[in-house]
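> Please see the structure below; I have some questions.
The values are calculated or read from the model by the stated rules, or taken from the named source; none is laboratory data. Every value quoted in this text rests on a predicted model; they were computed, and no experiment measured them. Note: ideal-geometry Cβ built from the backbone for every residue, glycine included; neighbour counts use all protein chains shown.
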């Protein structure tokens, strides 16, 4: 995808504008344009600066251009936005993948806006409850620890001798995964 880096306070204006444009240009038609306008009107540059001070904010910067960002606190995704001109190019998915791969969280929680719900569902997240009064969907993705997959359930590496090579093994399949014959 490109380079990722931690955001700094110098990025506040740029990230604020990406978030605002993303809401105004990408949220409709999943939500009425008037709702997107009300949501975007609540945003401030000072609010973005607060996020940069309080959260861990990462920037996707393919070719030196800031294309999107995500904000996390522990295993809670607080925000994920892509500049409209980069929508559909894997920027948001790349930020999510980097977060999961590098952090190794067993699960990630978020509240998806109506326009982002499908994006998260396509990536294996599932709703954990009904839509909130604010219109968000609480979601989680429980991750399979791929490092553990390298070991059999008894702790033996594949191909090493355990008591019986015919012993039954438990295989944990991530929720929503599709199995295909080898």
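> Only residues that are part of a strand (DSSP E or B) and either touching a helix residue (DSSP H, G or I) at 6+ places or on another chain (Cβ under 6 Å) or more than 10 Å from residue 112 (Cα to Cα) (or both): list them for the stretch 126-139, please.
126, 137, 139
> Tell me which strands (runs of 3 or more DSSP E) are completely within the stretch 1-84 and hold 1 or more residues being in contact with a helix residue (DSSP H, G or I) (Cβ under 6 Å, 6 or more places away or on another chain) and touching a residue at least 60 places away in the same chain (Cβ under 8 Å), or say none if there are none.
The strands (runs of 3 or more DSSP E) meeting that bar are 3-6, 68-73, 76-82.
> Identify, please: which residue in the stretch 106-125 is in a loop (DSSP other than H, G, I, E, B) and in contact (Cβ under 8 Å) with a residue 24 or more places away in the chain and is, among those, nearest to residue 25 (Cα to Cα)?
Step by step, filter the stretch 106-125, then rank; the result is 115.
> Here is a further query. Of all residues in the stretch 85-95, which are in contact with a helix residue (DSSP H, G or I) (Cβ under 9 Å, 6 or more places away or on another chain) and either crowded, with 21+ Cβ neighbours inside 10 Å or part of a strand (DSSP E or B) (or both)?
91, 92
> Quick check on residue 148: is it part of a helix (DSSP H, G or I), at pLDDT below 50 and either out of contact with any strand residue (DSSP E or B) (no Cβ under 6 Å at 6 or more places or on another chain) or surrounded by 14 or more Cβ atoms within 10 Å (Cβ to Cβ) (or both)?
Considered against the rule, which asks whether it is part of a helix (DSSP H, G or I), at pLDDT below 50 and either out of contact with any strand residue (DSSP E or B) (no Cβ under 6 Å at 6 or more places or on another chain) or surrounded by 14 or more Cβ atoms within 10 Å (Cβ to Cβ) (or both), residue 148 comes out as yes.
> Restricting attention to the stretch 102-120, and to residues there that are closer than 17 Å to residue 132 by Cα and more than 11 Å from the chain's Cα centre (by Cα), which single residue is surrounded by the most Cβ atoms within 10 Å (Cβ to Cβ)?
This residue is 113.
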